[in-house]
Amino acid sequence: MSAAEKILPGHAKYARLFTPLDLGHTVIKNRSIMGSMHTGLEELPDGFERMAAYYAERAAGGVGMIITGGIAPNPEGGMTVKDADGAELFAASKLQNDKEVAGHAIVTKAVHDAAPDCKFVMQILHMGPLAYNDLAVAPSPVKSRIGAFAPAELDEAGIEKQIADHANCAAMAKKAGYDGVEIIGSAGYLLSTFLVKKTNQRTDKWGGSYENRMRFPLEVAERCREAVGDDFIIVFRIAAMDMLQGGMSWHEVAELARELEKVGVSMISTHFTWHESAVPTIATMVPRAAFTSVTGRVRQEVSIPVITSNRINTPEVAETVLADGEADLVSMARPMLADSQFMAKAAEDRADEINTCIACNQACLDHTFGGKTTSCLVNPRACHETLLTYEPTQAAKTIAVIGAGPAGLAYATVAAERGHKVTLFDAADEIGGQFNLAKLVPGKEEFYETLRYYGKMIEKLGIELKLNTRAEADMLSDFEHVVVATGISPRVPDIEGINHEKAVSYVDVLKGNKPVGKRVAIMGAGGIGFDVADTISHDGLSGALDKAVFAKEWGVDFDNHPRGGVTGVEPEVASADREIFLMQRKETNVGKGLGKTTGWTHRLTLQRRGVKMMNAIDYRKIDDAGLHITANGQPDILDVDTVIICAGQEPLRDLYDTLESNGVSVELVGGAYEAAELDAKAAIKQASEMAAAI
């Protein structure tokens, strides 16, 4: 028996996940897919080399199939990066000719060298009205609510060009060494805009009836099959529930799936949104595997394999989805960012060592849609594999890490992984620091997984953990290096009455240490202020824990599947019986600084619960009458029972100052280094980079 055929304990535990899938002309070794995620590497001058390292590491980690980030079939379909003279600079995000084939071949070779049995599929992404260039095209000149440009309406010749360019792109992908392509027909990109009436207002053979509206995506799929032959994987991604008012009906989704099978598609991948939808589908507030039942319905309509996705982040969840017959394969994009060895650890029954995706979106999708290179909050090496490496140290040191919050945990585990002898101190009785507050916020329960992971790594790497221990300078003399990750202290604003009994800290509120009245003012509308407002306005079970609660809160009908899954369904808000004022000193709109891809969900949730958001507020004093403020230049008194203080943080760096003055080798990291905003992403990244360098 070869090493590849060895039966590992996880193969029995996750029997369906590790069952091969025979497509006739090829076999996918297991039922896991690393789903498509645009990384920003596609647009970089060294993008091919960095993509090669990124994908190869995940191929070696045991995933059955990888689907790349979106690659445009022509300039009008994607992001065009040009120099001052208008000449195209980078072509990693486009595949149209032999020159570009050579670049992509670097990536395919790296993946197949790392894991010859991993199938590598390139996503063909024509962004249509969402394209980042002024050449954008669509079936009708309907500007997307989130698009940068109004698209030009395609004429007959233009439609033929787009079909031919898709087929050419598929042929070029095969020439570059890919095992297949995925054609994306969802999300508000070009192919999906032909399917929906509001974006396809044509009256010719490409519009009007649903048969006509299907014509373009079916022609694209059929021509791609003709271009690549029968021994090549073609995946087609459909919006199985597009979350649009007036979107596709269930019968239209089912008919499209059946017709795609007829024209030779190998597999159907189910997607669940357009980017402009007002329903979250991948944020941490979304229940795990929330949409797989929709995939299950699609699966009943066709005989080809069907892929499901969205908020599947553990092998246990993936196994359950497969066991319930809701999919043939499970796509996990962000979980493979968080841990490139996800499947290898599952195979060896080491799921407790998986660095689990918490669906925060802070370093992945927020970066992607903000024009930055994608990474991962819990794994800053993601997409930076050639830049951030954890090489074994040649000179092991004894290191004391003071503080077991996100920064301290990241530093301690990376340093120990490299071979340093690490002792981790914390004054609390558990690891986690500010993560222990975050996990208490409804919809952020995934933070428990990060703490489980770090706890396991402390054990596995032999880190000496000293909880309930407040480290003092004289305790650290035997260490060769000290890292101070003592975090922050909540800032106490200097206003009259700040010690009044109505005033309470956000820490006491989240921990449940202090009662909260029926009329509440929250001072500070940053991330913590929103978390507090969410917590105290929430009534009942978190939607992240219960699909029925989520469906009611966001107006989704999974059972009856009206058009888009949402048409005619009113959200039912389960809010606590409180009047809440969420305020900030800044003149900008409340919530403007929240994450690009999830901030809108938090703002909309609180608006639906009746939370009053106020900006440009000057806080004057707190007394028996309530909170005295100045708003719009006018004095006012908010008659509230409770004033929750979320006024920022101060770094805790006294220990660092003492050690530095004593000449100790010491570094400052995390909130103790920069406390202006609590930022676990920055803290973990900084700590990991510092631990990689020592």
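The values are calculated or read from the model by the stated rules, or taken from the named source; none is laboratory data. Everything numeric here is computed off the predicted structure, so don't read it as measured data. No Cβ is skipped: glycine too gets one built from the backbone with ideal geometry, and neighbour counts run over all protein chains shown.
Taken together, the residues in region 576-598 that are surrounded by fewer than 18 Cβ atoms within 10 Å (Cβ to Cβ) and either free of Cβ contacts under 8 Å to residues at least 40 places away in the same chain or over 28 Å from Lys547 (Cα atoms) (or both) amount to 7. Candidates are the residues of region 339-392 that are charged (D, E, K, R) and outside any loop (DSSP other than H, G, I, E, B); the one that is farthest from Gly69 (Cα to Cα) is Asp352. Just for region 632-654: of the residues that are aliphatic (A, V, I, L, M) and at pLDDT 95 or above, which one is farthest from the chain's Cα centre (by Cα)? Ranking the qualifying residues of region 632-654, first place goes to Ile637.
For beta carbons closer than 8 Å, sequence separation of 6+ or different chains, a first residue in region 53-70 that is in the same structural domain as Thr308 (by TED's automatic domain parsing) and a second that is of a type in the set (Lys, Arg), the qualifying pairs are Gly64/Lys29; Gly64/Arg31; Gly64/Lys119; Met65/Lys119; Ile66/Arg58; Ile66/Lys119. List every residue pair whose Cβ atoms lie under 7 Å apart, where the two residues are 6 or more positions apart in sequence or sit on different chains, the first residue falls within region 550-575 and is within 20 Å of Thr270 (Cα to Cα), and the second residue, located anywhere, is surrounded by 18 or more Cβ atoms within 10 Å (Cβ to Cβ) and acidic (Asp, Glu). These pairs meet every condition: Gly564/Asp242. Looking only at region 191-239, which residues are among the aliphatic types (A, V, I, L, M), over 26 Å from Asp22 (Cα atoms) and touching a strand residue (DSSP E or B) at 6+ places or on another chain (Cβ under 7 Å)? Listed by number, the list holds a single entry, Leu191. The criterion of at least 2 residues that are in contact with a Cys (Cβ under 9 Å, 6 or more places away or on another chain) and over 29 Å from Asn355 (Cβ atoms) is met by the following strands (runs of 3 or more DSSP E) wholly inside region 460-525: 519-523. Among the residues of region 402-419, those that are surrounded by 24 or more Cβ atoms within 10 Å (Cβ to Cβ) and touching a Ser or Thr at 6+ places or on another chain (Cβ under 7 Å) comprise Ile402, Gly403, Ala410, Val414.
Determine which single condition Lys444 fails, assuming it passes every other condition in (1) touching an Asp or Glu at 6+ places or on another chain (Cβ under 9 Å); (2) modelled with pLDDT of 95 or more; (3) not assigned by TED's automatic domain parsing to the domain that holds Tyr619. Going through the list (1) touching an Asp or Glu at 6+ places or on another chain (Cβ under 9 Å); (2) modelled with pLDDT of 95 or more; (3) not assigned by TED's automatic domain parsing to the domain that holds Tyr619, Lys444 breaks only (2). The residue of region 185-233 that is farthest from Ala254 (Cα to Cα), among those that are acidic (Asp, Glu) and part of a helix (DSSP H, G or I), is Glu226. Among the residues of region 357-380, the one identified as surrounded by fewer than 21 Cβ atoms within 10 Å (Cβ to Cβ), closer than 24 Å to Ala407 by Cβ and of a type in the set (Ser, Thr, Tyr) is Thr373. Residues in region 430-459 that are under 30 Å from Asp539 (Cα atoms), free of Cβ contacts under 8 Å to residues at least 40 places away in the same chain and either in a helix (DSSP H, G or I) or charged (D, E, K, R) (or both): Glu430, Asn436, Lys439, Tyr448, Leu451.
Being buried (at least 17 other Cβ atoms within 10 Å of the Cβ) and either within 23 Å of Lys439 (Cα to Cα) or modelled with pLDDT under 95 (or both) is the requirement here; does Phe479 meet it? It would help to see each step written out before you state the result.
Values: buried (at least 17 other Cβ atoms within 10 Å of the Cβ): yes; either within 23 Å of Lys439 (Cα to Cα) or modelled with pLDDT under 95 (or both): no.
Answer is no for this residue.
Kindly indicate the residue of region 517-528 that is touching an Asp or Glu at 6+ places or on another chain (Cβ under 8 Å) and not small (Gly, Ala, Ser) and also surrounded by the most Cβ atoms within 10 Å (Cβ to Cβ) among those meeting that condition. Show your work before the answer.
First, the residues of region 517-528 that are touching an Asp or Glu at 6+ places or on another chain (Cβ under 8 Å): 517-520, 526-527.
The next check asks that each one be not small (Gly, Ala, Ser); those that pass are 518-520.
Details: Lys518: 12, Arg519: 16, Val520: 27.
For region 517-528, the residue satisfying everything is Val520.
Pairs please, first residue from region 365-383 and touching a residue at least 60 places away in the same chain (Cβ under 8 Å), second anywhere and among the aromatic types (Phe, Trp, Tyr), Cβ atoms under 8 Å, 6+ apart in sequence or on different chains. If the second residue must be among the aromatic types (Phe, Trp, Tyr), the pairs left are Val378/Tyr453; Arg381/Tyr390; Ala382/Tyr54; Cys383/Tyr54. If you check every pair at least six apart or on different chains, which have Cβ atoms under 6 Å apart with a residue in region 626-647 that is among the charged types (D, E, K, R) first and a residue that is surrounded by 14 or more Cβ atoms within 10 Å (Cβ to Cβ) second? If the second residue must be surrounded by 14 or more Cβ atoms within 10 Å (Cβ to Cβ), the pairs left are Asp636/Ile629; Asp639/Gly626; Asp641/Gly517; Asp641/Arg519.
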